[in-house]
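Student: Have a look at this one before I ask anything.
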Amino acid sequence: MKIERRNFLRILGVTGVSLALNKPLNAKPETAEDVEFYGILYDATRCVGCQSCEYACAESNGLPEPTGMPEVGIVRKTDETRRTIVNAYDTSKGEVYLKRQCMHCNQPACDAACLTQAMHKTEEGPVIWRGDKCMGCRYCMVSCPFDVPKFEYHSANPKIIKCDMCHDRLLEGQKPACVENCPAEALIFGKRRDLIAEARKRIVENPDMYVDHIYGEHEAGGTSFLYLSPVPFEELGLNTKVQKSSYPALSKGFLYSVPTIFVLWPTLLLGIHEATKNNHPINPEENE
Amino acid sequence: MNNTSEITVEKTTAGKTTWQFILEELKPKGKIFTPFNIISVPIILLGIVLIVIRFIYGIGSITNLTQEVPWGLWIGFDVVTGVAFAGGAYVITFMVYILNMHKYHSIVKVTVLNGFLAYVFYAGALLLDLGRPWNVINPIIGNSFGTSSVLFLVAWHFLLYMMAQLIEFSPTIAEWLGKKRAHKILSGMTLAAVIFGITLSTLHQSGLGALYLMAKDKIHPLWYSEFIPVMFFVSSIFAGLSMVIFEGSISHKVFFHQISEKNKKAHNSIIRGLSKICAGAMFAYFFLQILVFVHGKHWTLLNTGMGYWYLTEMIGFVALPMVLFYYSYRRNNILLIKIASIITILGIIINRLNVTVIGFRWDAASHYFPSWMEIAVTLCVLFIEIWVFRWVIRRMPVLSDPPSWVTKNK
Ligand code: SF4
Ligand code: SF4
């Protein structure tokens, strides 16, 4: 009996280990530099606030036509009917527009949070949502540092709504709808590494025009969507308190300790049980 | 085997098949128009109507959840707080089966039953909160393992722990049905189930805290630290035990006739023992909180509204009941112990809600406050749980002594 129990526990311990180690073993490459993610570079100095991207996005994704327009003092937000939004801000350099959407993090919190792998960082770079897997727990929304995923609260078959960088179009060799339809070339699509080089070049060539910061190069451990701006990013309502390292790293320590506990605990508990067994005379009235 | 035991079995099943026996037991026992029934039945019915509405018109039709605050009362209270209170089961089984503290043996069964029902119902409440519950099997049958997710771990542990608790409780079911052979086999599995259960509990009690680790920028810094998992684990010890004290006192009154003489006598001594353990665990917790606070260097935050709220929690709902527990343990003051346990329970509710709801997006323009319908559904779940609990207590030898064949056979 005792041996059987031990074996049983050992098997459980191993199961715990494989459950927890599964991911780290075939995890995504740790640094952005090793992978060739595609991304989008948005240059706020070029954006004219025409909302072409909003209309193109709505059309391409079967969403209702955008309402409202960029207006200083009004912060429109993405929601379950719009995946991208352009807002206007009154800044130290006059009126500046800013487009918002999913950042397509290199190591996305939403992907790490998702217990069904419905949220998924593709090899190409876009972070996509897969309805056949999602159970609607909304943990991705809790975890995303940019508050991007939205939920259809008023549907019996709710979906998570967020920008997917037009992943389907990319697979067909097309650019994302917003990039394709931007008349001011404020959006460009390409390999993330090339985009960063291009952004640096613009900063170096026109140091007066830009702040020396590519938002998304290091934010949240690096994102596939990159921003250039004429003014500091806090003036444009971007989350500048966001940490520079990846968000999934925050719960790694806990997840790594799981296999250890799974092996140590049962052994320890059984040991204590054996050690204390004879300390207390067993009351004959008790069963077990 | 001796004669008396034979007779008892005969009496319980009296020539009927097990199924006939179970069917018969399903009928209500006891009075129907008790105050509890009169209050709970309408709320349960209301809750069921609301649940139907929720499945037809979506979660937003009865909750106040927003795009910024996607988890509200159902997760923050039902699941996160409820599971902390259910922690009593692993602590008590640890004391009895691992440390061999036989004094507490008489409360094992009822605590495990409570824990088991809590998990069943809170996991059930979790299903209500899932937007696409038909996909809930995805992380279980293995076509989509999100193994890097803390929620994946927690979900699995809930499931496994429920099984472990069912095994721990199963000998009592066998006693009820008069199944001697099954009783013997199931009792033999208890230790393994206990060890497995404690391991799982350690991980998912802390895991519930770890869920919020990635929400670093969203939780008020006074409640966020990388040590949330440790805090959740340590506090689940005294949360669970306070619930055992509180719930035990109520059961003691309500089910007085079912409790065996021996257990009645042991009751006060058990409560006193638990009070000492609570005081110790709370001391450790309080100390850890101070360490984390000093480490976090949040001194300036103390002089804000949230800071006062934090101090209220720490002093009024941790330090105060800690002192009360210790003092009343020394003075052998049972009433004061019960009061301390109630303050502790309130403190745990406050703490869990501070992390999950109140301190979550504390800086957002619009705050989330649960709708009356969310509260009604929560009460509905709670009342159904109490109904099931009462049903079991009235039928199975949980508080009462097991049938004589169990003890005689030993
Ligand atoms: S911005 Fe949010 S939703 Fe988009 S990839 Fe990053 S974590 Fe996921
Ligand atoms: S809501 Fe869906 S996509 Fe988001 S974490 Fe849950 S299962 Fe994953």
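The values are calculated or read from the model by the stated rules, or taken from the named source; none is laboratory data. Being a predicted model, the structure only gives us computed values, none of them experimental. Backbone-built Cβ (ideal geometry, glycine too); neighbour counts: all protein chains shown. Note: areas computed on protein heavy atoms with side chains; ligands, DNA, RNA excluded. Shrake-Rupley method; radii C 1.70, N 1.55, O 1.52, S 1.80 Å.
Student: Go through (1) buried (at least 22 other Cβ atoms within 10 Å of the Cβ); (2) within 30 Å of B:Ile342 (Cβ to Cβ); (3) in contact with a Gly (Cβ under 7 Å, 6 or more places away or on another chain) for B:Met231 and report which single condition fails.
Tutor: The failed condition is (1).
Student: Could you list, in sequence order, the residues of the range B:216-245 that are small (Gly, Ala, Ser) and at pLDDT below 95? Spell out the reasoning first.
Tutor: Within the range B:216-245, the first condition is being small (Gly, Ala, Ser), and the residues that meet it are B:225, B:235-236, B:239-240, B:242.
B:Ser225 - this is the single residue of the range B:216-245 that is small (Gly, Ala, Ser) and at pLDDT below 95.
Student: Right, B:Tyr285: farther than 21 Å from B:Ala84 by Cβ and touching a helix residue (DSSP H, G or I) at 6+ places or on another chain (Cβ under 6 Å) or not?
Tutor: So B:Tyr285 fails the test.
Student: Which helices (runs of 4 or more DSSP H) does the range B:289-371 wholly contain that include 3 or more residues that are within 24 Å of the chain's Cα centre (by Cα) and under 26 Å from B:Ile245 (Cα atoms)? Steps first, please.
Tutor: Values: elements: B:305-311, B:320-331, B:334-353.
Of the helices (runs of 4 or more DSSP H) lying wholly inside the range B:289-371, those with at least 3 residues that are within 24 Å of the chain's Cα centre (by Cα) and under 26 Å from B:Ile245 (Cα atoms) span B:320-331, B:334-353.
Student: Another question, then. Within the range A:178-201, take every residue that is acidic (Asp, Glu) and open to solvent by 80 Å² or more (accessible area, probe 1.4 Å) and give me the one that is farthest from ligand 2 (Cβ to nearest atom).
Tutor: To start, the set of residues in the range A:178-201 that are acidic (Asp, Glu) comprises A:180, A:185, A:194, A:198.
Next cut, open to solvent by 80 Å² or more (accessible area, probe 1.4 Å) only: A:180, A:185, A:194.
Details: A:Glu180: 27, A:Glu185: 33, A:Asp194: 30 Å.
If we take residues in the range A:178-201 being acidic (Asp, Glu) and open to solvent by 80 Å² or more (accessible area, probe 1.4 Å), then A:Glu185 is farthest from ligand 2 (Cβ to nearest atom).
Student: Is one or more of the residues making up the range A:228-245 within 16 Å of ligand 2 (Cβ to nearest atom), closer than 30 Å to B:Asp363 by Cα and buried (at least 23 other Cβ atoms within 10 Å of the Cβ)?
Tutor: The first filter runs over the range A:228-245 and keeps only residues within 16 Å of ligand 2 (Cβ to nearest atom), leaving none.
No: the range A:228-245 contains no residue that is within 16 Å of ligand 2 (Cβ to nearest atom), closer than 30 Å to B:Asp363 by Cα and buried (at least 23 other Cβ atoms within 10 Å of the Cβ).
Student: Filter the range A:202-227 down to residues that are away from ligand 1 (no atom under 16 Å from the Cβ) and within 24 Å of A:Gln51 (Cβ to Cβ) and give me whichever is surrounded by the most Cβ atoms within 10 Å (Cβ to Cβ).
Tutor: Ranking the candidates gives A:Tyr210 first.
Student: Being farther than 18 Å from B:Val355 by Cα, at the interface with chain B (Cβ under 8 Å from one of its Cβ atoms) and of a type outside the set (Asp, Glu) is the filter here; which residues of the range A:138-152 pass it?
Tutor: Correct list: A:Lys150, A:Phe151.
Student: Looking at B:Leu166, is it more than 10 Å from every other protein chain (Cβ to nearest Cβ) and open to solvent by 10 Å² or more (accessible area, probe 1.4 Å)? Write out each step before concluding.
Tutor: On the way: more than 10 Å from every other protein chain (Cβ to nearest Cβ): yes; open to solvent by 10 Å² or more (accessible area, probe 1.4 Å): yes.
Yes, satisfied.
Student: Here's something else I'd like to know. Going residue by residue through the range A:139-148, is there one that turns out to be of a type in the set (S, T, N, Q), within 14 Å of ligand 2 (Cβ to nearest atom) and open to solvent by less than 20 Å² (accessible area, probe 1.4 Å)?
Tutor: Here is the first cut: in the range A:139-148, the ones of a type in the set (S, T, N, Q) are A:143.
Next, only the ones that are within 14 Å of ligand 2 (Cβ to nearest atom) stay: A:143.
Keeping just the survivors that are open to solvent by less than 20 Å² (accessible area, probe 1.4 Å) gives A:143.
Yes, the range A:139-148 contains at least one residue that is of a type in the set (S, T, N, Q), within 14 Å of ligand 2 (Cβ to nearest atom) and open to solvent by less than 20 Å² (accessible area, probe 1.4 Å).
Student: Kindly indicate which of B:Ser187, B:Ser206, B:Ser144 is away from ligand 1 (no atom under 16 Å from the Cβ), farther than 24 Å from B:Ile348 by Cα, facing chain A (nearest Cβ under 8 Å) and open to solvent by 10 Å² or more (accessible area, probe 1.4 Å). Before you say what the answer is, go through the steps one by one.
Tutor: On the way: B:Ser206 fails: farther than 24 Å from B:Ile348 by Cα; B:Ser144 fails: open to solvent by 10 Å² or more (accessible area, probe 1.4 Å).
Answer to the selection: B:Ser187.
Student: Could you say whether any residue in the range B:45-53 is closer than 13 Å to B:Leu128 by Cα and at the interface with another protein chain (Cβ under 10 Å from one of its Cβ atoms)?
Tutor: No, every residue in the range B:45-53 fails to be closer than 13 Å to B:Leu128 by Cα and at the interface with another protein chain (Cβ under 10 Å from one of its Cβ atoms).
Student: Scan the range B:285-310 residue by residue and report those that are open to solvent by less than 70 Å² (accessible area, probe 1.4 Å) and closer than 20 Å to B:Val230 by Cα.
Tutor: Taking the range B:285-310 first, the residues open to solvent by less than 70 Å² (accessible area, probe 1.4 Å) are B:285-286, B:288-289, B:292-293, B:296, B:298, B:301-302, B:304-307, B:310.
If the condition is that a residue be open to solvent by less than 70 Å² (accessible area, probe 1.4 Å) and closer than 20 Å to B:Val230 by Cα, then B:Tyr285, B:Phe286, B:Leu288, B:Gln289, B:Val292, B:Phe293, B:Gly296, B:His298, B:Tyr310 are the ones that fit.
Student: Of all residues being of a type in the set (Phe, Trp, Tyr) and surrounded by 11 or more Cβ atoms within 10 Å (Cβ to Cβ) in the range B:1-45, which is modelled with the lowest pLDDT? Just the residue, please.
Tutor: Within the range B:1-45, the first condition is being of a type in the set (Phe, Trp, Tyr), and the residues that meet it are B:19, B:21, B:33, B:36.
With the extra rule that they be surrounded by 11 or more Cβ atoms within 10 Å (Cβ to Cβ), the set shrinks to B:21, B:36.
Values: B:Phe21: 82, B:Phe36: 87.
Going through the qualifying residues, I end up with B:Phe21.
Student: A further question on this structure: If A:Val263 satisfies every condition in (1) open to solvent by 60 Å² or more (accessible area, probe 1.4 Å); (2) away from every other protein chain (no Cβ under 11 Å) but one, which is the exception?
Tutor: (2)
Student: On to the next question. Any residue in the range A:101-116 that is open to solvent by 50 Å² or more (accessible area, probe 1.4 Å) and more than 23 Å from B:Gly60 (Cα to Cα)? Let's see the steps before the verdict.
Tutor: Step one: list which residues in the range A:101-116 are open to solvent by 50 Å² or more (accessible area, probe 1.4 Å), which gives none.
Among the residues of the range A:101-116, not one is open to solvent by 50 Å² or more (accessible area, probe 1.4 Å) and more than 23 Å from B:Gly60 (Cα to Cα), which makes the answer no.
Student: Same structure again: For B:Leu177, state whether it is in contact (Cβ under 8 Å) with a residue 12 or more places away in the chain, open to solvent by 10 Å² or more (accessible area, probe 1.4 Å) and farther than 28 Å from A:Pro108 by Cα. Lay out the reasoning, then the answer.
Tutor: Details: in contact (Cβ under 8 Å) with a residue 12 or more places away in the chain: yes; open to solvent by 10 Å² or more (accessible area, probe 1.4 Å): yes; farther than 28 Å from A:Pro108 by Cα: yes.
So B:Leu177 fits the description; yes.
Student: Is there any pair with a first residue in the range B:213-234 that is more than 7 Å from chain A (Cβ to nearest Cβ) and hydroxyl-bearing (Ser, Thr, Tyr) and a second that is surrounded by fewer than 22 Cβ atoms within 10 Å (Cβ to Cβ) and assigned to a helix (DSSP H, G or I) whose Cβ atoms are under 9 Å apart and which are 6 or more apart or on different chains, and what are they?
Tutor: Sorted first by the residue in the range B:213-234, then by its partner, the pairs are B:Tyr224/B:Gly296; B:Ser225/B:Met231; B:Ser225/B:Val292; B:Ser225/B:Phe293; B:Ser225/B:His295; B:Ser225/B:Gly296.
Student: Filter the range A:121-137 for residues that are more than 8 Å from chain B (Cβ to nearest Cβ), within 11 Å of ligand 2 (Cβ to nearest atom) and buried (at least 23 other Cβ atoms within 10 Å of the Cβ) and give the result.
Tutor: A:Val127
Student: What are the residues in the range A:82-112 that are within 8 Å of ligand 1 (Cβ to nearest atom) and among the hydrophobic types (A, V, I, L, M, F, W, C), if any?
Tutor: Of everything in the range A:82-112, those that are within 8 Å of ligand 1 (Cβ to nearest atom) and among the hydrophobic types (A, V, I, L, M, F, W, C) turn out to be A:Cys102, A:Met103, A:Cys105, A:Ala109, A:Cys110.
Student: Looking only at the range A:160-177, which residues are surrounded by fewer than 21 Cβ atoms within 10 Å (Cβ to Cβ) and more than 14 Å from ligand 1 (Cβ to nearest atom)? Quick ask: steps written out before the conclusion?
Tutor: In the first step, residues of the range A:160-177 are kept if they are surrounded by fewer than 21 Cβ atoms within 10 Å (Cβ to Cβ); the result is A:167-175.
Those that are surrounded by fewer than 21 Cβ atoms within 10 Å (Cβ to Cβ) and more than 14 Å from ligand 1 (Cβ to nearest atom): A:Asp168, A:Arg169, A:Leu170, A:Leu171, A:Glu172, A:Gly173, A:Gln174, A:Lys175.
Student: Still on this model: Every residue in the range A:79-100 that is crowded, with 23+ Cβ neighbours inside 10 Å and modelled with pLDDT under 95, please.
Tutor: Residue satisfying the conditions is A:Arg82 alone.
Student: Now a separate question. Residue by residue through the range A:51-76, note down the ones that are within 22 Å of A:Cys166 (Cα to Cα), in contact (Cβ under 8 Å) with a residue 12 or more places away in the chain and open to solvent by 60 Å² or more (accessible area, probe 1.4 Å).
Tutor: Answer for the range A:51-76, where residues must be within 22 Å of A:Cys166 (Cα to Cα), in contact (Cβ under 8 Å) with a residue 12 or more places away in the chain and open to solvent by 60 Å² or more (accessible area, probe 1.4 Å): A:Tyr55, A:Glu59, A:Pro64.
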